[in-house]
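What follows is calculated from the coordinates using simple rules that are stated; it is not laboratory data. What you are looking at is a predicted structure, and each value in this text was computed from that prediction instead of being measured. Every residue, glycine among them, receives a Cβ derived from its backbone with ideal geometry; neighbour counts consider all protein chains shown.
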Amino acid sequence: MQKSGETGGKLAEMIKKAINDGKLTNDEYDRILMLADADAVIDPQEKRLLAQLQEMLANKTVVRVANE
């Protein structure tokens, strides 16, 4: 089982990649959600990261795209 800090760090990396690319594939999005829920607890750091991702998707800073 992963520690919550590890999960948050990996989530941050995946989200940073999406920001740099300006896009998020459906597979990447699914992996982000699975990683957040991997330990069956979404801690405050993970909630913040997921909220930031949702905000970026809503304002089109990051665009969700089909798998490449």
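Here are the numbers:
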| item | result |
| --- | --- |
| Cβ-based charge dipole, the chain, positive-most Cα from LEU50, LEU11, THR61 | THR61 |
| Per-residue ³J(HN,Hα) for segment 36-42, Karplus 6.51 cos²θ - 1.76 cosθ + 1.60, θ = phi - 60°, Hz, x for Gly and Pro | 4, 9, 4, 9, 6, 9, 9 |
| Total lysine pairs under 19 Å (Cα atoms) in the chain, excluding pairs fewer than 8 apart on one chain | 8 |
| Environment charge of GLU55, counting only residues whose C-beta is closer than 14 Å and scoring Lys/Arg +1, Asp/Glu -1 | +4 |
| Under 15 Å, Cβ to Cβ, from MET14 - net charge with Lys/Arg +1 and Asp/Glu -1 | -1 |
| Protection proxy ranking, peptides 21-28, 55-62, average beta carbon neighbours within 10 Å, highest first | 21-28, 55-62 |
| Normalised alpha carbon radius of gyration of the chain [divisor 2.2 N^0.38 Å] | 1.05 |
| Residue-averaged [θ]222 nm for the chain, counting only DSSP H segments that reach four residues, each worth -39500 (n - 2.57) | -21000 deg cm²/dmol |
| Computed E for ASP39/GLU13 - FRET, C-beta separation, R0 22 angstrom, nearest 0.05 | 0.85 |
| Rounded to 10°, Cα long-axis angle of helix 44-58 versus longest principal axis of the chain | 10 degrees |
| Cut-off under 5 Å, modelled amide H: who pairs with ARG64 long-range | LEU24 |
| The chain, relative contact order in percent, only Cα pairs under 8 angstrom and at least six apart counted | 49 percent |
| Nearest 10 degrees, 0 to 90: helix 4-21 Cα axis against the chain principal axis | 10 degrees |
